[in-house]
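Report on the structure given below.
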Amino acid sequence: MDSTTLGHASGPVMLPAAEQAAAIDEIQRLFASRLRIMDTKQWDLYGSVHTPDVVSDTFGAGGSVVGRADLTEAIRNVLDGSVFVTSVHHGHTPEITLTSDTTATGIWAMEDELWWTNGDIEEHLHGYGHYHEEYRRIEGRWLIGYRRLTRLRVTHSPHYFDYLSAG
């Protein structure tokens, strides 16, 4: 999915080189703060790093999640719903491209680990892949407007996914 698909056309980048570098730095900080907010379960802040109309295709065949509140609730339910899941997400080697003065795309190599307890057994998932994102500058601030997670490899304990139906 690209910016045009989401209804946000891109145009030429007219920003001076120093402002382009500052924009890329701000986008990298934005991404890092999203991971920290998610892993520390600061749900009151999670929506604030996304556009109001954010689209997330991270949930696989279940379709897209649209909007700050719905995305926050979906992530909260997976990591902090009826079963508490400790999560650690890392993003590496960002490929950020400004597509206009107010839009950008990014691809991040990612690694995540998740743990929860199933009775006396600790379940675990370790995943590797990429986040594909789009960003928009709204009222002077870069925000995440689109996200898709693709996975290259996942290893997990035998009953890891049971927690999704727990509760």
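Since every read-out is calculated from the coordinates, none of them should be taken as a lab result. The model shown is predicted, which means the values in this text are computed figures rather than measured ones. Cβ sites come from the backbone with ideal geometry, for glycine too, and all protein chains shown count toward neighbours.
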If the elastic network links every pair of Cα atoms under 10 Å, which of Gly140, Gly67, Gly91 fluctuates the most in the Gaussian network model of the chain? Gly140
Computed from every Cα-Cα pair in the chain, P(r) in 5 Å bins starting at 0 and rounded to whole percents is 2, 8, 16, 21, 20, 14, 9, 5, 3, 1, 0, 0
Comparing Val65, Val55, Val88, which has the greatest mean-square fluctuation in the GNM of the chain with Cα pairs linked when under 10 Å apart? Val88
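For His124 and Thr86 in the same chain, what is the full-extension length gain: residue separation times 0.36 nm, less their Cα-Cα distance, in nm?
That pair, His124 and Thr86, stretches by 12.7 nm at full extension.
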Note the angle between two axes, namely the Cα long axis of helix 17-39 and the longest principal axis of the Cα atoms of the chain, as a number of degrees from 0 to 90, rounded to the nearest 10. 20
What is the antiparallel percent of DSSP beta bridges lying wholly in the chain, to the nearest 5? 95
Yeah, region 35-75 with a ≥ b ≥ c from its alpha-carbon gyration tensor (a/c under 1.5 is rounded, else prolate when a/b outruns b/c, oblate otherwise) is oblate
Helix 68-80 vs. the chain, principal-axis angle (Cα, 0 to 90°, nearest 10): 30
I want to check the label-to-label distance for Ser64 and Asn77. Put each point 7 Å from Cα in the C-beta direction and report it in nm to one decimal. 1.8
How far is the Cα center of region 94-167 from the Cα center of region 14-46, in Å? 15
